[in-house]
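Let me begin by presenting the structure, written as structure tokens, before commenting on it.
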Amino acid sequence: MERREFLGWITVGMVASSLPMAIAAVAENDLSSEVKGNTRADGFQTVGTVTELNQKGQILNKKSPVGKILVVRNANNTLLAVNPTCSHDGCTVKWSQGDSKYLCPCHSAEFNTQGQVLKGPPKKPLKLYQAKIEGNSVLVKAV
């Protein structure tokens, strides 16, 4: 094998070995439903779109700048936003529209619309966020 051919194979190997990192970097920036938002002067951040909220009935953004966010509409069409991480064991709570409460699938815990514990074992409430709609954006702000 000649030196030129050897260096060519080394170059191909280096490019091939860096390809997974390049793909991961691109994928991380393409969050589709997990919109990364910048904090505005009023403290609100974009976590999703009204279109997504209407289609899915909720927005679960695991990578928002303020942490994991679940935004839903209750029966009165009011936006509710919480960190959906159960304060007991870290499971992700789900919104039950019919019962108007958050349910933890791991240990049957229940939280009301204000994040307060209705049924144990958790001792602490869910963290709340103020939510609003501007245009097609759903925005949240820590309370």
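Descriptive notes on the structure:
- Scanning the range 84-143 for residues that are under 20 Å from PHE44 (Cα atoms), surrounded by fewer than 14 Cβ atoms within 10 Å (Cβ to Cβ) and of a type in the set (Gly, Ala, Ser) returns a single hit, GLY135.
- Residue within the range 38-60 that is aliphatic (A, V, I, L, M), part of a loop (DSSP other than H, G, I, E, B) and either modelled with pLDDT of 85 or more or open to solvent by 30 Å² or more (accessible area, probe 1.4 Å) (or both) present: yes
- VAL35 being closer than 17 Å to LYS62 by Cα, at pLDDT below 50, surrounded by 10 or more Cβ atoms within 10 Å (Cβ to Cβ) and in contact with an Asp or Glu (Cβ under 9 Å, 6 or more places away or on another chain): yes
The values are calculated or read from the model by the stated rules, or taken from the named source; none is laboratory data. Treat the numbers as computed from the prediction; the structure is a model and nothing was measured. Glycine gets a Cβ as well: all are built from the backbone with ideal geometry, and neighbour counts include every protein chain shown. Just so you know, the surface numbers come from the protein's heavy atoms only, side chains and all, with ligands and any DNA or RNA stripped out. Shrake-Rupley method; radii C 1.70, N 1.55, O 1.52, S 1.80 Å.
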